[in-house]
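Please read the structure below before turning to the comments.
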Amino acid sequence: MQLHPEQVVRTLLNESFHSRRMVVAMFVVVNAGMLAAGLLWPKGYSASTTIFIDEKNIIQPLMQGAAVTTEVTDRGRNAREVILGRKIMDRILEHGGWLKVSLTAEEQERLIEQIKKRTTVTLLGKSIIRIEYRDDDPERVYRTTQKFADLFIQESIAAKAEESSAAFEFIGKQTDVYQDRLNRTEEELKNLRSSNLEARVGSDAEVNTRLNELQSRIERTNQELREAEIKGLALDRQVSGEAEVTSVVSREGQFRTRIGELQSRLDTLRLAYHDTHPDVVQIKQHIQDLTEELNTQRERRVQAKAEGRRPGPDEFAMNNPIYQQLRREQSQNQIVIESLKARIAEAQRQLNEEISRGKRVHSGDARLAELTRDYQVDREIYQDLLRRRERARVSMNLDSDRQGLSFKIQEPAVLPVNPTGLQFSHFMAGGLLFGILIPLAILFARLHVDPRIRVGNAISTALKVPVAAVIPHFWTLRELKSLRAEQFLLVLVVAATIAASATLALLRVLKVL
Amino acid sequence: MSKIEKALGKAREEHGNLPALVSVPGTVMVRERTGHPETISRMAMSESRLLSAADLSWRGIIHPGRAEDPVVQVFRELRTKISVQCQERNSVILVTGLKKGSGGSFVARNLAAAFAFDMGRTALLIDCDLKNPSVHQLIDNASGPGLTDFLDDPNIDIGAIIQPVGIARYRAIAAGGLREIPGEYFNSQNMRRLLDSIRQRYMERFIILDGPPMQDIADIQVLSGLSDFVIVVARYGRATNAQIESCLNVINPGKLLGVVFNDEPRIPGFG
């Protein structure tokens with residue numbers, strides 16, 4: 001059913017008149033309830049304090065890069081957890097005098113929960129924390145609020161100092177670890193170098209060059225050896241083909257040669273001279289003598305030969321000179337071969353040595369590279385850690401000197417004079433307001449929920465049947481008479497209710513209640 | 001000049017503008033058929049005593065003197081509406097409550113009063129709610145014969161059961177002795193004849209039947225068949241749309257004048 005606001009107001013007015021007794025009864029009940037609640041409601045006091053977290057400290061830009069200050073906003077964000085944490089709460093309990101009577105753990109827990117509920121921590125902006133505490137004792141409210149702020153600041157600063165010193169310690173420990181490692185690596189490197197002299201940079205290439213050189217030398221020498229051997233074979237062949245003695249040079253030969261020479265000289269002389277010429281005669285004589293001598297020699301040789309004696313030196317045949325030369329060359333060649341073989345053997349030995357050295361160099365190289373790498377990495381980290389440790393030291397000193405992040409109590413807690421929260425007057429006003437609103441709301445709800453018709457037009461709109469008339473209630477004189485009495489009574493009841501609540505409020509103001 | 005005309009003239013002098021009787025259609029015919037039609041002037045002569053405004057209020061009837069009373073205004077408007085619908089002829093109007101306590105009798109009683117306010121009209125209220133009769137409270141001679149007596153014994157003179165109420169131009173017929181099964185009475189020829197003869201006897205008369213609640217479907221069907229128009233009364237905060245809809249199905253839509261929404265709460269002296 002769609003009603004115009006005007007219709008709703010009119011219908012509500014009519015309805016509330018219609019159900020006037022219910023409305024008045026509810027008014028009285030609601031008021032009584034609210035007044036009772038107002039009387040029973042504990043008086044609340046609250047105090048608040050604001051803490052300013054100094055974010056832009058002068059130290060920070062000065063120490064840029066050298067020290068790190070703890071993030072302020074994080075502190076702010078964690079404020080609630082820190083303040084309502086068990087650590088601070090325990091001290092608050094102690095300070096607020098709650099522990100004067102001994103409490104069981106469970107009671108204590110419940111008490112802490114209550115205090116937590118009454119405490120509000122709000123982060124105003126980025127750097128202001130507001131702590132508010134409510135309670136029924138103004139003195140305790142003041143003290144507790146103050147303590148909250150103090151404890152929070154103490155706790156935060158302690159936590160900060162602890163954090164930075166922990167960081168310093170950690171970094172210091174790490175630095176030591178790396179220093180140890182660095183020392184160890186250095187020692188190992190030294191040992192490796194001293195035990196393995198070849199272990200140095202470039203040894204590998206050197207060994208390779210040397211190996212190549214030796215190998216090529218061996219090959220070359222082998223070649224020479226083969227040549228020399230071939231030459232030897234050729235010489236052998238030649239030597240076997242030559243006679244040891246080629247011709248016999250004897251005195252007879254010498255005589256004959258002399259005779260031949262003289263004969264040719266005689267021939268020449270005869271051309272010019274007569275046989276009687278002295279020179280010719282002399283020569284003829286000479287030839288004759290020589291011929292005689294030759295014969296004598298021949299006889300001596302035959303005789304010696306027959307007797308089996310070795311003819312005299314001038315009587316033996318001469319050695320073959322080619323043969324001699326070949327034999328000389330052969331022996332020289334043999335010497336060459338021997339020396340080449342020796343050289344090959346030497347080169348081979350050197351090669352082997354070089355190979356084994358190469359092997360040693362290789363293994364040493366790998367270890368060396370590993371150690372060097374370790375050493376470099378460790379050294380870098382170590383140096384970095386050293387720098388960091390120094391920064392951490394400065395940070396720690398900052399915190400221990402209470403520089404960097406700082407807390408200031410912007411607005412200290414004050415002793416609350418007037419109670420806050422819901423007052424008796426609120427309850428009173430609420431009673432009057434709700435005393436009217438609740439019955440109206442009930443009637444309004446009934447108007448919408450109840451299918452029974454309360455607005456004449458609804459029939460014609462819903463059923464398309466004309467509404468011939470909407471007849472208001474006909475007040476007979478009798479009804480009017482009793483209505484007047486009733487109205488008087490109801491007004492009296494309402495007035496009494498209001499008067500009662502006003503009286504209570506007055507008593508409350510006068511602090512009688 | 002006949003006696004009637006003399007009386008009319010006298011009445012005009014007393015009350016000012018009275019509509020001319022001749023202007024009512026069918027009047028002459030009725031006079032010819034019955035021979036002795038009851039006229040306003042004759043009724044005026046037979047008014048025994050008129051009730052004061054306070055008496056009317058005690059009886060739950062509106063008074064023309066309290067014109068500022070919204071109830072009076074509403075009934076006047078309703079009367080005008082009905083007159084337009086009836087085209088100024090005297091008609092039989094059945095007023096029935098949606099259920100018991102809907103205020104059907106109240107509406108019937110006051111509607112009749114509203115018609116009686118009009119000096120050119122008279123009203124007759126017939127109590128047809130035989131189970132819960134209420135009209136006898138308006139009548140001085142409550143023990144006199146009523147509707148059921150007449151239906152039982154047609155020899156009774158109609159004039160004997162029509163009683164004055166104490167309001168000018170307003171007559172009523174009480175229910176009479178209680179009967180168990182009212183349907184039979186309404187169905188009888190006598191009921192029809194009664195209505196016909198009343199119609200003929202009183203020319204400018206509106207006959208209002210104070211019917212039983214609509215839960216008595218049988219009675220309602222019979223009575224609505226006998227009447228020209230039907231008014232259904234629904235009470236504020238009692239009836240739902242569904243109830244109204246199911247009850248209206250019983251009535252011939254052509255006869256339905258509309259629903260009267262009764263007893264809307266009103267703060268007295270507050271409009």
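Measuring against 19 Å, Cα to Cα, the residue pairs A:LYS117/A:LYS408; A:LYS147/A:LYS511; A:LYS87/A:LYS408; A:LYS231/A:LYS341; B:LYS100/B:LYS131; B:LYS81/B:LYS131 contain A:LYS117/A:LYS408; A:LYS147/A:LYS511; A:LYS87/A:LYS408; B:LYS81/B:LYS131 as the ones spanning a longer distance.
Within chain A, the whole DSSP H helices whose Cα atoms reach 24 Å or more along their own axis and whose mean Kyte-Doolittle score is at least 1.6 are A:20-40, A:424-449. Within chain A, what's the longest stretch lacking GluC sites (Glu not before Pro) that sit in DSSP loops with no more than 16 other Cβ atoms inside 10 Å? With a cap of 16 other Cβ atoms within 10 Å, the longest stretch comes to A:245-513. Amide H contacts of B:ARG171: B:ALA123, B:LEU124, B:LEU125, each under 5 Å away and 5 or more positions distant or on a separate chain (H built 1.01 Å from N in the peptide plane; Pro and chain starts excluded). Protein heavy-atom accessible surface, 1.4 Å probe, per residue over the range A:203-374: 68 Å².
Which of the peptides B:246-253, B:145-152 is most tightly packed, and how do the rest follow, going by the mean number of other Cβ atoms within 10 Å of each residue?
Highest mean packing first, the order is B:145-152, B:246-253.
Between B and A, buried accessible area from a 1.4 angstrom probe totals roughly 3400 Å², ignoring ligands, DNA and RNA. In straight-distance terms, cross-link reach from A:LYS126 covers every one of the aspartates and glutamates whose alpha-carbon lies under 12 Å from its own, apart from those fewer than eight places away in the same chain; here that gives A:ASP54, A:GLU55, A:GLU71, A:ASP74. The mean count of C-beta atoms from other chains within 10 Å of the C-beta of residues in A:123-131, rounded to a whole number, is 0.
Determine the shape class of the range A:424-493: with a ≥ b ≥ c the square roots of the Cα gyration tensor eigenvalues, call it rounded for a/c under 1.5, and otherwise prolate if a/b is greater than b/c, oblate otherwise.
oblate
Peptide B:98-109 has a mean of 1 when you count, residue by residue, the C-beta atoms of other protein chains within 10 Å of its C-beta. From the square roots a ≥ b ≥ c of the eigenvalues of the alpha-carbon gyration tensor of the range B:190-271, which class results: rounded (a/c under 1.5), prolate (a/b over b/c), or oblate? Taking the square roots of the gyration eigenvalues as a ≥ b ≥ c, the range B:190-271 is oblate.
Farthest toward the positive end of the dipole of the protein assembly as shown, out of B:PHE206, A:ASN31, B:LEU248, is the Cα of B:PHE206, where the dipole comes from beta carbon charges about the Cα centre. Assuming charge only on the beta carbon of Lys and Arg (+1) and of Asp and Glu (-1), the dipole of the range A:95-237 about its Cα centre is about 380 debye to the nearest 20. For the peptides A:419-432, B:225-238, the ranking by packing is B:225-238, A:419-432, with the highest mean count of neighbouring Cβ atoms within 10 Å listed first.
Assuming charge only on the beta carbon of Lys and Arg (+1) and of Asp and Glu (-1), the dipole of chain A about its Cα centre is about 3620 debye to the nearest 20. Based on the Kirkwood radius over alpha-carbon pairs, what value in µm²/s does the Stokes-Einstein equation return for the translational diffusion coefficient of the protein assembly as shown at 4 °C and 1.567 mPa s? D = 30 µm²/s. Computed in the context of the full set of protein chains, the accessible area of chain A at 1.4 Å probe radius has 56% of its extent on carbon or sulfur.
Here the label points at A:THR291 and A:ASN457, each 7 Å from Cα along the C-beta direction, are separated by 19.7 nm in the simple model. Think of the range A:97-162 as a dipole: +1 on every Lys or Arg Cβ, -1 on every Asp or Glu Cβ, centred on the Cα centre; then among A:ALA161, A:THR122, A:LEU103, A:THR122 lies furthest on the positive end. Computed about its Cα centre, the charge dipole of the range B:149-262 is approximately 440 debye, with only Lys, Arg, Asp and Glu carrying charge at their Cβ.
Average partner chain C-beta neighbours within 10 Å, per residue of B:117-127?
Mean partner-chain Cβ count within 10 Å for B:117-127: 0.
In a fully extended conformation the segment linking A:VAL394 and A:ARG110 would gain 97.8 nm over its present Cα-Cα distance, using 0.36 nm per residue. Estimated from helices alone, the mean residue ellipticity of chain A at 222 nm is -25500 deg cm²/dmol (sum of -39500 (n - 2.57) over DSSP H runs with n ≥ 4, per residue).
For the range A:438-454, a decrease in accessible area of 50 Å² or greater in the assembled protein chains relative to the isolated chain, with a 1.4 Å probe, applies to A:ARG452, A:ILE453, A:ARG454.
The values are calculated or read from the model by the stated rules, or taken from the named source; none is laboratory data. No experiment lies behind these values; they were computed from the predicted model shown. All Cβ positions, even for glycine, are placed from backbone atoms using ideal geometry, and neighbour counts span all protein chains on display. Ligands, DNA and RNA are excluded from the accessible area calculation, which covers all protein heavy atoms including side chains. Shrake-Rupley method; radii C 1.70, N 1.55, O 1.52, S 1.80 Å.
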